[in-house]
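First up is the structure itself, then whatever we jot down about it.
The values are calculated or read from the model by the stated rules, or taken from the named source; none is laboratory data. Values in this document were obtained by computation on a predicted structure and should not be read as measured data. All Cβ positions, glycine included, derive from the backbone under ideal geometry; neighbour counts span all protein chains shown.
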Amino acid sequence: MLTEAQKRANQKYNAKAYDQIKTVVPKGQREIIKAHAEANGESLNGYINRLIAEDMGDKLTKPTKEDN
C-alpha cells in the first residue's frame, strides 16, 4: 500500500511526464475493448497507445524544446 506522500509523488510525476486523453465510447463497449486487449496480453491503455502508434507511425514523436 502506498503512503500519502508516495501517492502525491506519483501524481506529480505523472502530471509532469504524461498527457491525458479522455475517450468516450458507447455504454458496454469499454468492457468489450478491455477484454479484447487483455485476451491479447495488453492493458486497455497499452492497447489504445499501440493502435495510435501504429496508425500515426513517424508522425508520433516527442516534442523538443524548440516545439514548445
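Considering only segment 1-24, state which residues are surrounded by 10 or more Cβ atoms within 10 Å (Cβ to Cβ) and either aliphatic (A, V, I, L, M) or assigned to a loop (DSSP other than H, G, I, E, B) (or both).
Selection gives A9, A15.
Got at least one residue in segment 41-60 being at pLDDT 95 or above, in a loop (DSSP other than H, G, I, E, B) and surrounded by 10 or more Cβ atoms within 10 Å (Cβ to Cβ)?
Yes: segment 41-60 contains one or more residues that are at pLDDT 95 or above, in a loop (DSSP other than H, G, I, E, B) and surrounded by 10 or more Cβ atoms within 10 Å (Cβ to Cβ).
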